[in-house]
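*Asks:* Shown below is the structure under consideration.
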Ligand code: EPU
């Protein structure tokens, strides 16, 4: 199993680029199941979750040709409308094939995801939504079987809580349903907007993506499309924190500044300078001592839960007490114990982490527990005295492409070892 060995203490300086958004690429790949025409997806990040989704598509019957960041997919036939446990357990986003499969093939069999490191994360809201479109849902042997032999019918669906992949799943199903679907309390994440743009190119009629109400007029067929995935706002945000935590001067290119606005506001409150160089470039400089700033995670456009762990690492280096409140997932503080092993002072109280800084961090052996937790350990290691060995970096490979090479290119002393 790969590990990262990091020697802390260097300021990061230079330019670092952002890849395509993992959480946009995954629904885009699932959307290829909606058509028998050729799909071309560009700026697809080469990360493990994307490879897992491609494997799932191949199992289902897709022909997938990947050439660097461009993936061409052709699903002439849905051979086996099934997402097996072996894949779903490694990547919950596999449930994104549910909606497209029921809509196109009239049937889907998808393993229940089970628990995950950051919380229970059920898919009950996806299922209730599909039921409202007329799908029959049955559960047996750890699998969900959804059927709609005569097709889906549009309906008004109000999500009782905001769900990103739930909104995406329903949007894809509704695109091929008969009549109109109204999604209320929809997720407003940029990834939802990107999926709507892709579906629009395929011939879907969708209005309102990016707002809380999405209106979809179902069509009988969808065609092929050529689409470029948006930049990864969580990757960009992670690099902004890397610049700030190391007291560096980092230019993050290929990003959408608006998508990381909530983080930028907090970085500025903490004393880092962040400037928009142009519409796809941000520069972060942290020459002064950092000070604490509280954060509450929220759905977009609020502060992303996917940046909470990285921000916690930053707050260990800020003067004062920072209260970090996690409202999206019930168990997303696994990194706190590992940060504490490096010398951080963090007290957990329910869904709040109280971080007292500034504490000197020292290198230690730590274990990555999930994707964003591993990113926070890398960030902490960049400022720790001495050497940190981060185990189980396969978690980070799920969502960051070549993070060690990108960080090394701007001055980090980080190496991947077997
Ligand atoms: N929820 C339910 N029932 C459902 C669906 C969600 O109770 O049927 C709950 C969840 O357990 C959670 C909350 O609702 O407490 C919000 O979950 P959501 O459905 O929005 O999360 P998701 O769609 O499974 C996506 C991202 C996550 C990101 C969250 C929140 C993808 C593939 N994943 O997950 O990304 O944290 O939205 O923004 O888009 C990551 O990239 O590290 C990651 C975990």
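*Asks:* How large is Rg over Rh for the chain, taking Rg from the Cα atoms and Rh as the Kirkwood inverse mean of 1/r across Cα pairs?
*Replies:* Ratio value, two decimals: 0.98.
*Asks:* Starting from the Cα of residue 347, step 7 Å along the direction of its Cβ; do the same at residue 416; then give the gap between the two resulting points in nm.
*Replies:* 4.1 nm
*Asks:* Could you compute Rg(Cα) / (2.2 N^0.38 Å) for the stretch 1-129, with N its residue count?
*Replies:* Numbers: Rg = 17.0 Å, N = 129, 2.2 N^0.38 = 13.9 Å.
With N residues counted in the stretch 1-129, Rg over 2.2 N^0.38 Å equals 1.22.
*Asks:* Once the Cα atoms of helix 48-60 and of the chain are each reduced to a long axis, what angle between those two axes, in degrees from 0 to 90 to the nearest 10, is obtained?
*Replies:* 10 degrees
*Asks:* Could you compute Rg(Cα) / (2.2 N^0.38 Å) for the stretch 22-228, with N its residue count? Mind showing how you got there, number by number?
*Replies:* Working: Rg = 15.1 Å, N = 207, 2.2 N^0.38 = 16.7 Å.
Normalised Rg, Cα atoms only: 0.91.
*Asks:* Turning to a different aspect of this structure: To the nearest 10 degrees, how steeply does helix 371-383 sit against the main Cα axis of the chain, on a 0 to 90 scale?
*Replies:* 20 degrees
*Asks:* Sticking with this structure for a sec: Determine, for each peptide in 215-224, 129-138, the mean count of other beta carbons within 10 angstrom over its residues, then list the peptides with the highest first. Can you show the working numbers first?
*Replies:* Working: 215-224: 17.2, 129-138: 19.6.
For the peptides 215-224, 129-138, the packing ranking is 129-138, 215-224.
*Asks:* Just to be sure I understand: of the beta bridges DSSP finds with both ends in the chain, what percent are antiparallel, rounded to 5? Don't skip to the answer; put the middle values down first.
*Replies:* Details: 58 of 82 bridges.
Antiparallel bridges make up about 70 percent of those DSSP assigns within the chain.
*Asks:* Determine, for each peptide in 393-399, 268-274, the mean count of other beta carbons within 10 angstrom over its residues, then list the peptides with the highest first. Don't jump to the answer; show the numbers that get you there.
*Replies:* Values: 393-399: 21.6, 268-274: 18.9.
Answer by packing, highest mean first, reads 393-399, 268-274.
*Asks:* Continuing with this model, one more query. Between residue 13 and residue 182, what is 0.36 nm times their sequence separation minus the Cα-Cα distance? Round to one decimal in nm.
*Replies:* Working: separation 169, 0.36 × 169 = 60.84 nm, distance 4.74 nm.
Extending this stretch completely gives an extra 56.1 nm.
*Asks:* Give me the angle, in degrees from 0 to 90, between the Cα long axis of helix 233-245 and the longest principal axis of the Cα atoms of the chain, rounded to the nearest 10.
*Replies:* It works out to around 0 degrees.
*Asks:* Expressed as a whole percent, how much of the Cα-Cα distance distribution for the stretch 53-137 exceeds 15 Å?
*Replies:* Details: 2152 of 3570 pairs.
It works out to 60 percent of all Cα pairs.
*Asks:* Gap in Å between the Cα centre of the stretch 199-244 and the Cα centre of the stretch 255-330?
*Replies:* 24 Å
*Asks:* Please state the shape class of the stretch 232-317: rounded when a/c is under 1.5, otherwise prolate if a/b exceeds b/c and oblate if not, all from the C-alpha gyration tensor. Don't jump to the answer; show the numbers that get you there.
*Replies:* Details: a/c = 1.67, a/b = 1.03, b/c = 1.61.
It comes out oblate by the Cα gyration axes.
*Asks:* Hey, what does the equivalent ellipsoid look like for the stretch 365-418, semi-axes from the Cα gyration tensor as sqrt of 5 times each eigenvalue, largest first, whole Å? Intermediate values should be presented prior to the final figure.
*Replies:* Numbers: eigenvalues 48, 38, 19 Å².
Equivalent-ellipsoid dimensions as semi-axes: 15, 14, 10 Å.
Each value in this text was obtained by applying a stated rule to the coordinates, not by laboratory testing. Note that the coordinates shown come from a computational prediction; the quantities given were computed from them, not determined experimentally. Note that we place each Cβ from the backbone using ideal geometry, even for glycine, and neighbour counts take in every protein chain shown.
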